[in-house]
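**Q** This is the structure I want to talk about, given as structure tokens.
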Amino acid sequence: MSQLRALRALFMFFAVVGLLIVPATAGVISTYSGYDAGAGASDPRPNSNTAAGAFDAANPGLPIITFESAPLGSFTNLTVAPGVTINGSDFNSSPQTIINSPLCDDALCGFNTTLGGSQWLSLYGGSVTFTFATPIDAFGLYLNGVQLDGETITFNDGAPQSVGIANPGSGVQFLGFSDTASFTSVTIDATNDIIGVDDVRYGTPAATGVPEPATFGLLGAALASLGFLRRRLL
């Protein structure tokens with residue numbers, strides 16, 4: 001009977017370990033944001049840059065999409081970096097565009113934020129989706145010209161997620177987030193607003209399939225228990 005109880009206990013132990021190492025269906029999201037209302041292309045943007053610096057420090061070494069090598073004009077399924085494509089449509093159901101001159105006052109309609117650059121992604125309302133061939137766990141960008149409430153960044157990390165975009169009335173902002181779960185696309189919804197997007201950071205997570213340190217400990221304890229019980233049963 002003692003041997004049977006020991007086997008049952010071991011079975012329950014492995015069942016608990018199995019539950020603990022099943023990946024979560026959705027992650028924990030950390031956000032980084034700051035804005036400088038009214039700031040144009042030639043104005044300082046201390047709050048936005050501070051938020052970008054905090055995001056970059058927490059997610060070092062991420063690639064940055066500057067749109068400087070992208071062709072000017074409208075696009076469909078445009079490759080903007082290795083393994084990264086964008087597509088979307090404006091509020092007239094026309095393709096979104098890459099531009100290098102403001103559609104109106106830069107603080108209201110968007111501008112380039114890349115040092116020494118001139119191009120950016122212009123959203124004439126509507127939305128744009130970034131699709132990643134390799135799953136990522138961090139995403140950040142500069143936005144400018146936001147003047148409406150309700151604009152969002154959405155993605156799915158195992159569950160639908162939405163990060164709200166601040167409405168400073170004009171100017172520039174940085175918005176970034178990192179997640180403990182990965183995702184393969186991000187959609188920016190500009191509703192009926194004209195906004196600029198530039199200097200997009202995106203992160204590729206570490207290789208999957210490697211147990212976390214805590215999981216190693218659990219598995220080690222399970223194996224030790226199995227060896228102890230095997231000796232008792234022999």
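The values are calculated or read from the model by the stated rules, or taken from the named source; none is laboratory data. Just so it is clear, the model here is predicted, and its values are computed rather than measured. FYI the Cβ positions are ideal-geometry reconstructions off the backbone, even for glycines, and counts take in every protein chain you see.
**Q** Taking into account only those residues within the stretch 54-81 that are free of Cβ contacts under 8 Å to residues at least 40 places away in the same chain and either in contact with a His (Cβ under 9 Å, 6 or more places away or on another chain) or part of a loop (DSSP other than H, G, I, E, B) (or both), which is surrounded by the most Cβ atoms within 10 Å (Cβ to Cβ)?
**A** Phe75
**Q** Can you tell me which residue among Gly158, Gly209 is over 22 Å from Thr50 (Cβ atoms), part of a loop (DSSP other than H, G, I, E, B) and either among the hydrophobic types (A, V, I, L, M, F, W, C) or at pLDDT below 95 (or both)? Steps first, please.
**A** Numbers: Gly158 fails: either among the hydrophobic types (A, V, I, L, M, F, W, C) or at pLDDT below 95 (or both).
Answer to the selection: Gly209.
**Q** Follow-up question, since we're still on this one. Those residues that are closer than 22 Å to Phe67 by Cα and of a type outside the set (Val, Ile, Thr), I need them from the stretch 133-150; list them, please.
**A** Residues satisfying the conditions are Ala133, Pro135, Asp137, Ala138, Phe139, Gly140, Leu141, Tyr142, Leu143, Asn144, Gly145.
**Q** Any residue in the stretch 143-153 that is without any contact (Cβ under 8 Å) to a residue 40 or more places away in the chain and among the polar types (S, T, N, Q)?
**A** Of the residues in the stretch 143-153, the ones without any contact (Cβ under 8 Å) to a residue 40 or more places away in the chain are 149, 152-153.
If we keep only those that are among the polar types (S, T, N, Q) too, we end up with 152.
Within the stretch 143-153, one or more residues are without any contact (Cβ under 8 Å) to a residue 40 or more places away in the chain and among the polar types (S, T, N, Q).
**Q** Could you list, ordered by first residue, the pairs with Cβ atoms under 6 Å in which the first is in the stretch 31-47 and under 18 Å from Leu108 (Cα atoms) and the second is β-branched (Val, Ile, Thr), at least 6 apart or interchain?
**A** Pairs found: Gly34/Thr50; Asp36/Val172; Ala39/Val172; Arg45/Val172.
**Q** I need the full set of residues from the stretch 142-152 which are assigned to a strand (DSSP E or B) and buried (at least 23 other Cβ atoms within 10 Å of the Cβ), in order please.
**A** Within the stretch 142-152, Tyr142, Leu143, Asn144 meet the criteria.
**Q** So how many residues does the stretch 153-183 have that are surrounded by 19 or more Cβ atoms within 10 Å (Cβ to Cβ) and under 19 Å from Asp43 (Cα atoms)?
**A** Total satisfying the criteria: 7.
**Q** Another question, then. Quick one: Phe139 ticks every box in (1) closer than 22 Å to Ala52 by Cβ; (2) aromatic (Phe, Trp, Tyr); (3) not in a strand (DSSP E or B) bar one, so which box is it?
**A** With (1) closer than 22 Å to Ala52 by Cβ; (2) aromatic (Phe, Trp, Tyr); (3) not in a strand (DSSP E or B) applied to Phe139, the lone miss is (3).
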